[in-house]
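What follows is a set of notes on a single structure, which appears directly below.
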Amino acid sequence: MNQADLPRWATAFALPLLNLFSALLVAAGVIYLLGESPIECLGILINAAVLNPEGLGYTLFYAATFIFTGLSVSVAMQAGLFNIGSEGQMYLGGLGLTLVLLWLDSSVPGWLLIPLAMLGSAVFGAAWAYLPGYLQAKRGSHVVVTTIMFNFIAACLMNFVIISILVPMGGQNTSSRMFADASWLPKLNSILPVLGETPLNISFVLALVALVIYGVVVWRTTWGYQLRATGLNQHAAHYAGISISKTIIITMMVSGALAGLAAVNSIMGSTHYLPLNFPAGAGFIGIAIALMGRQHPVGILLSSILFGALIQGGFDLSLEKANIPPETFIFIQGLIILFCGAMENLYAPALSALLKRKEK
Amino acid sequence: MQPAVEFQQISKRFGAVQANRDVSFSIAPGSIHGVIGENGAGKSTLMSILYGYYRADSGKLLINGAEQHIRNSQEAINLGIGMVHQHFMLVENMTVLDNVMLGTEGGFRLKPKRHEVEAKLREICQRYSLEVDPLATIQDLSVGVQQRVEILKQIYRSANILILDEPTAVLTVQETASLFEVLRLFKEQGKTIILITHKLQEIQEITDQVTVMRGGTVIGSVATKDTTTAQMAEMMVGRPIVTQLPRAAYAPGDTVLEVKDLNLVNSQKVSLLKNVSFNIRAGEIVAIAGVSGNGQSELLEILSGMRLPTSGKLQMQGKDLPFAGRKDADGLPATFRDLGIAHVPEDRLRDAVVKNFPVMMNSFLGYQKKLGKSFGLLDYKSILKNCTDLLAKFDVRPADPHLRIALLSGGNQQKVVMAREIAANPKLMLVGQPTRGVDIGTIESLHTRLLAMRDAGIAILLVSVELEEVRALADRILVMSSGAITGELKAEEFDATEIGCLMGGIHTH
Amino acid sequence: MFDDFQFSSILVSTIRNAPVLMFAAMAGLFAERSGVVDLALEGKMLAAAFVSAAVAFVTKNPWLGIMAGVGISAAIALLQGFVSITQKGNQLVAGIALNIALSGLTFVVAQYFFQQGGRTPDLGEARLFDIVLPGSAAVANIPFIGWFYTRLIGGHSVLVYLAFALIPVVHWVLYHTRFGLRLRAVGENPHAADAAGINVERTRFMAMLCAGVLCSFSGAYLSIVQSGFFLRDMSAGNGYLALTALVFGNWRPLHTALGCLMFGFFAALQVQIEGVVFPGIGKVPGSLIQMIPYVVTVIVLAGLMAKSVAPKAIGQPFVKSR
């Protein structure tokens, strides 16, 4: 099962696509068992998510969030860390930007307010990832289980903060008050009116910028080199004078910051207040994206758009088909993580044999 | 009389590598048969086929005259074949008893068989003077005793054909002598012993018959008494070995490295380095000879900053090396590098390279901080240029900077590592097992490079288990045994026997 | 303040909370001692909880439900084994993937069959009820002994007794049988086991099967005994708490069980503290109390409670290295 036997195009494109296709095939099978036609569902999904301009706007809106959580998980993976905590880090990121906005949104102009709020979300997200990183680096506690625990702790903590502290007096909703207009991110439908009433906003542009920065930093800087060396071979990284502890801690913080920034899109771009449980699984989707996109900027972008389409199409689908609730897409997400992340070599021997036969 | 084992035209290929080609020879029962060859000669593959780990692509294998197709290790065991591996196959946190019972438990419940097995083990230990306590836990035993446990396992399983793979690599001189006594006892009892080794002395000492392999084929199979070490060496290597390389006169300069009372105690309170003291001057090669596992690896780790000592003083050109007050060695190698210490690690694939990176990205491993442009960006243009120059200068093949380094041969990988460290213009060069897993032609070129560095005034510390290498390169030789320096010789005082004794722990001063 | 604090009911609750973790932890013990990281305890638990509740509801028989739960959990464990052992895939990712997939799938299937928002209907009579030990009526009024016999030792459902009875059984299997010896060897040094003629992959699959069977009881306990129905994501992190109990217990049966009891104790404490007015602080908010088990987990994982050594070969797929 040696991936080294296969040419790069096979490992970078063919295998991931085969794995993705397998996951979708299984999903189609389950949909069929639920009494629906997979083809029909696919049609509804594509229509709702891509062909309809407003739907496309929603797809890209979700994709923007997923790009950030996907980057969060990808950065950590480059260092060999499996950060499951993006969900909690995003949640805390929401708290960070909320605190900034609650404090400053009536006194500070938009051009300063928005960056400050984004800074708040990044800082809080980074802070939430710091302790798992520190424990892994200094005490060897496995970052997978600690970040899972921090997700649960975040849920409890935020529950308390939102309900007991942030809900305005006499408020009915489990959320903070609305933020001032100055904090509302400009929507893209002002430039592209064809998008209709979608929350697609400049966060999408920021997400693209983040992808570029990620690509440059990881592959073209010294820090990125140290990051990748640590992830590939800790012994050699230590030999090379790289501080493994520092790399782990800083990487987790960067990862947390990226997850925190994911909150900017949904809160400052759409709801304009901090609701309970707003991450709604985006952090876990980030894991699927990092694995499916193989931690590559282009892969992350394409996977994010795909998942955005799944979520957007999934909503519409669940409205039309009672047997396909939105939770179906959580199931599909799990399948994708399974096939793309744990079964990468499933088709490698077959592909290898096929190529060898063609060579003869 | 039927041969105990007979190989007929055995061939085995792994991808592009023909590990065994038409190997044919036979092993007489009740004899000790040596199989000798360098790394990559095909000895291990052949024995793996005998023990059922691999199936041969073609050819016949006969055990006691009958053709056999051994599909797994269980079938080999059933045929009376036992193997003592180079890396022990023992479960460290279990007792000797449990390790022996593993695989032959004789029933779902363990208790009934335990007493029986314990009694039998004690009886075997008596018969062969093995001195092993069945109730001891493996991790509490010394390496020599652990090996005896491995042998015990095989005897318990009624092995009649015993394969020993490089058994003396980790033994002291005394332990080796004990082992050979045991082997002689086995031979008297009619057992067949196959000894895989690269040590010519051992072949002479204990074997009846020796088969020499090279490049996957059998070069010759002769009675030991009918050949000499020189002849065997030549068969093994294929051409006369050049042992003397040109070097400048010995004129060492100032002291570069001073090591004083270096001690290392590990977490199990075992003392790995005991008051090690020595110095290295500019323009000299100090070689540390000794069997693996006597503290040399730990010494290199400490001197390169990869590990902290428990106590002791290290001075580089008169200044203390900055490891005092630290809790761990995280990031320390960078500081040592800045002070002019370069390191070619013993374990190349684990420490010296990132095997999934291309050659280009490995060509500056350890020196990545020096290559930044503004904003921390890597200067790829000059990295590529430097790398290409390096590959040409050191004759690395294939000379492709973008090739994954894992795809290069061991020798070429080592050239890249060596090139990288030399290019850093160090004042002190630490070199561990530089020619392990390296082909003969490359060995010579690496040795030439090291001598050139020495002539240019760089201080070099060489750690090697190969006495020939030590003799070829060293100006001064230190011998380590059990974590202490047991003796020092000048190059011209080189005496293999004396060094052997020193390796065995006999101090001369 | 402490009038509200019923220490006796905390103890009883601890006994009743522990089995969920104990079954899962024993399951994880088998898997991890053989060298396979089992992050999918959560998923297996959830799947078993749903299937056993669903089948129990339909057949009105809790035992058929439990058997069905065993079946599904074992099947998932074998799938997990295929991915981790045969395909040599990343075991951490496989575990997380299964948890996420099953979280979604159990809801969808529950919705499909029962149309009640992803849960099963109340099981009503098809549950396992508390066992009254013989002679309980006679001793009921004796102070302390009465409580001890009728509430603490007696009066639990059969699965509770099974969970505790399992501890010595697991210990015996692990340390005094051929299967256990081979399993431990495979988890510490698979190459040694292989050299001794043991089929490493098959042993690990057997271990996964045991894990699947044991974990199913955890799920069945949740839905059939504790709540009486299946609810989405009702495993609520217990799978990960069980893993932490393993770390706490150094992968040894008795110590791990103690870890489970500890978590059970905190869960019971949690319920008691809610509504209690502390001097100076007032009432502690429910959501903050809910944090306690997770915080304790982090403390254990930080190595602040015990030093633990995992099976040496854990998480590394076995590749014959020749």
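Worth a mention:
- Dipole in debye (nearest 20) - segment B:5-237, about Cα centre, beta carbon charges: Lys, Arg +1; Asp, Glu -1: 600 debye
- Cα gyration tensor of the protein assembly as shown - equivalent ellipsoid semi-axes, whole Å, descending: 56, 39, 30
- Nearest-ten-degree value, helix C:62-81 long axis tilted from longest Cα axis of chain C: 30 degrees
- Net +/- balance of residues flanking A:ASN47 in space, Cβ distance below 12 Å, scoring K and R +1, D and E -1: -4
- Centroid-to-centroid separation of segment B:438-464 and segment B:17-72 [C-alpha atoms, Å]: 36 Å
- Nearest 10 degrees, 0 to 90: helix B:143-156 Cα axis against chain B principal axis: 20 degrees
- Qualifying chymotrypsin sites (Phe, Trp or Tyr not before Pro) in segment C:1-71, DSSP loop, other Cβ atoms within 10 Å at most 15: C:PHE5
- Relative to the longest principal axis of the Cα atoms of chain C, the long axis of helix C:200-220 makes an angle of roughly 10 degrees.
- Taking other C-beta atoms within 10 angstrom as a stand-in for reagent exposure, A:CYS41, C:CYS260, B:CYS125, C:CYS215 fall in the order B:CYS125, A:CYS41, C:CYS260, C:CYS215, fewest first.
- Nonlocal amide H pairs with B:VAL5, under 5 Å, H built at 1.01 Å: B:ILE27, B:ASN64
- Computed from backbone phi, the HN-Hα couplings of segment C:26-43 come to 5, 4, x, 4, 4, 4, 6, 5, 8, x, 10, 5, 10, 7, 8, 4, 4, x Hz, rounded to whole numbers (Karplus: 6.51 cos²θ - 1.76 cosθ + 1.60, θ = phi - 60°; Gly and Pro given as x).
- Under 5 Å between amide hydrogens, built in the peptide plane, is the criterion, and for B:THR217 it picks out B:ARG21 among residues at least 5 positions away or on other chains.
- Among A:SER107, A:SER175, the ranking by other beta carbons within 10 Å of each residue's beta carbon, starting with the fewest, stands as A:SER107, A:SER175.
- Separation of segment A:265-283 from segment B:142-165 is 65 Å, based on Cα centroids.
- Taking the Cα centre of segment B:25-86 as reference, the dipole from Cβ charges on Lys and Arg (+1) and Asp and Glu (-1) amounts to some 40 debye.
- Arranged from fewest to most other beta-carbon atoms within 10 Å of their beta carbon, A:VAL161, A:VAL216, C:VAL186 become A:VAL216, A:VAL161, C:VAL186.
- At least 30 Å along the helix axis (C-alpha) and Kyte average at least 0.0, DSSP helices within chain A: A:53-78, A:110-139, A:297-320
- Range in chain C, longest, excluding exposed GluC sites (Glu not before Pro) [loop by DSSP; at most 14 other beta-carbon atoms within 10 Å]: C:126-273
- Each Lys or Arg adds one and each Asp or Glu takes one away; over the other residues whose Cβ falls under 15 Å from the Cβ of A:TYR32, this sums to -1.
- Largest GNM mean-square fluctuation among C:ALA257, C:ALA110, C:ALA220, using chain C with Cα springs under 10 Å: C:ALA110.
- Our coupling estimate for segment A:176-185, obtained by passing each phi through the Karplus curve with A = 6.51, B = -1.76, C = 1.60 and θ = phi - 60°, is 6, 6, 5, 8, 5, 3, 4, 8, 6, 6 Hz, Gly and Pro reported as x.
- Phi angles of segment B:176-191 translate, via the Karplus equation with coefficients 6.51, -1.76, 1.60 and θ = phi - 60°, into HN-Hα couplings of 5, 4, 4, 4, 5, 4, 4, 5, 5, 4, 4, 4, 4, 7, x, 7 Hz per residue; Gly and Pro are given as x.
- Comparing A:ALA207, A:ALA309, A:ALA182 in a Gaussian network model of chain A, where Cα atoms under 10 Å apart are tied by springs, the biggest mean-square fluctuation is seen for A:ALA182.
- Each Cα pair under 8 Å and six or more residues apart adds its sequence gap; the mean of these over the residue count of segment C:147-302 is a relative contact order of 16 percent.
- Residues whose amide H lies under 5 Å from that of C:HIS156, counting only those 5 or more places away or on a different chain, are C:ILE131; hydrogens are built 1.01 Å from N in the peptide plane.
- The protein assembly as shown, dipole about Cα centre (Lys/Arg Cβ +1, Asp/Glu Cβ -1), debye to the nearest 20: 520 debye
- Charge context of C:TRP63, other residues only, Cβ under 15 angstrom, K/R +1, D/E -1: +1
- Of C:ASN250, C:ASN141, C:ASN99, the one that fluctuates the most in a GNM where chain C has Cα springs shorter than 10 Å: C:ASN141
Read-outs: derived from the displayed coordinates by stated rules, not from any lab. All of these numbers come straight from a predicted model, not from anything done at the bench. Reconstructed Cβ throughout: ideal geometry from the backbone, glycine too, with neighbour counts over all protein chains shown.
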